[in-house]
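Worksheet: one structure, shown below.
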Amino acid sequence: MTETRLRADSARTVLTILEAAERILSSKPTATMEEIAAAAGVARTTVHRRFATREALIAALATWAAQQLSDAVDAARPDSTPPLVALYQATTNVLAVKLSWGFAMDASVAPGNEADRIKANVVDRCDQLFARLADVGILRPDVTPLWARRVYYALLHEVCQDAAAHPDTELDTDAVATQLVETLLHGVGTPGTSL
């Protein structure tokens with residue numbers, strides 16, 4: 001076997017373990033390394049060779065998910081695409097990641113880890129996108145980009161919580177993203193209603 005193929009096989013094995021860990025830990029947060037190995041279809045020693053401890057596995061899982069989140073935002077091209085288009089696309093992409101990697105996204109890991117660094121970069125990118133939305137007049141002048149981003153994050157959180165409470169219901173991420181952005185920009189009241 002060539003060195004390149006060995007590295008590719010190793011990367012596939014790690015991804016298989018991480019995907020199995022997400023599935024198992026989502027339904028049983030106290031699952032053991034042995035249970036994760038069984039779900040991944042690999043020997044327990046294979047898991048331990050890649051991850052010395054359960055904590056190391058969870059940290060790697062959180063980092064993997066955070067990177068997927070970052071890639072999802074990048075794929076929307078928030079710096080160059082018209083800001084409203086970027087917001088819709090980023091929302092669809094982010095929902096797909098958050099719904100697939102729910103345990104990992106909320107995993108508790110040691111402070112200052114790689115996942116936190118990646119997530120902080122995602123927040124910065126989102127803040128820049130919301131500043132662009134304000135600059136082109138999509139946000140009302142009396143709404144700060146920071147406030148809009150916080151409301152947006154709260155809406156994302158609620159969608160994910162609802163999906164976790166109803167795991168057997170398949171979500172159309174495009175439709176949910178559209179509803180989420182429409183709710184963010186127009187609220188839930190009828191048109192013309194004001195204080």
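Odds and ends about this structure:
- In the stretch 140-152, residue nearest to the chain's Cα centre (by Cα) [restricted to those that are modelled with pLDDT of 95 or more and not β-branched (Val, Ile, Thr)]: TYR152
- Condition check for THR46: part of a helix (DSSP H, G or I) and either surrounded by fewer than 20 Cβ atoms within 10 Å (Cβ to Cβ) or in contact (Cβ under 8 Å) with a residue 40 or more places away in the chain (or both): yes
- Considering ASP74, ASP79, the condition of being assigned by TED's automatic domain parsing to the domain that holds THR178, surrounded by fewer than 21 Cβ atoms within 10 Å (Cβ to Cβ) and part of a loop (DSSP other than H, G, I, E, B) is satisfied by ASP79 alone.
- Selected residue (only one of ASP124, ASP116 is outside the structural domain of ALA31 (by TED's automatic domain parsing), within 21 Å of ALA21 (Cβ to Cβ), in a helix (DSSP H, G or I) and more than 11 Å from the chain's Cα centre (by Cα)): ASP116
Table: residues versus (1) farther than 24 Å from ILE118 by Cα; (2) not in a helix (DSSP H, G or I); (3) not assigned by TED's automatic domain parsing to the domain that holds ALA134.
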{"residue": "VAL14", "(1), (2), (3)": "no, no, yes"}
{"residue": "ALA20", "(1), (2), (3)": "no, no, yes"}
{"residue": "LEU25", "(1), (2), (3)": "no, no, yes"}
{"residue": "GLU35", "(1), (2), (3)": "yes, no, yes"}
{"residue": "ALA39", "(1), (2), (3)": "yes, no, yes"}
{"residue": "GLN67", "(1), (2), (3)": "no, no, no"}
{"residue": "ALA104", "(1), (2), (3)": "no, no, no"}
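- Residue pairs meeting the criteria (Cβ under 6 Å; at least 6 apart or on separate chains; first at negative phi, in the stretch 149-174; second among the hydroxyl-bearing types (Ser, Thr, Tyr)): THR173/THR92; ASP174/THR92
- Counted residues, the stretch 89-108 - those being surrounded by fewer than 19 Cβ atoms within 10 Å (Cβ to Cβ), touching a residue at least 24 places away in the same chain (Cβ under 8 Å) and not polar (S, T, N, Q): 2
- Test for ALA62: is it surrounded by fewer than 19 Cβ atoms within 10 Å (Cβ to Cβ), farther than 20 Å from VAL181 by Cβ and modelled with pLDDT under 95: no
- Residue among LEU155, LEU171, LEU87, LEU95 that alone is out of contact with any strand residue (DSSP E or B) (no Cβ under 6 Å at 6 or more places or on another chain), within 28 Å of LEU57 (Cβ to Cβ) and assigned to a helix (DSSP H, G or I): LEU95
- Being part of a helix (DSSP H, G or I), over 18 Å from CYS126 (Cα atoms) and modelled with pLDDT of 90 or more is a property that VAL176 has.
The values are calculated or read from the model by the stated rules, or taken from the named source; none is laboratory data. All of these numbers come straight from a predicted model, not from anything done at the bench. Glycine also receives a Cβ, built like all others from the backbone with ideal geometry; neighbour counts cover every protein chain displayed.
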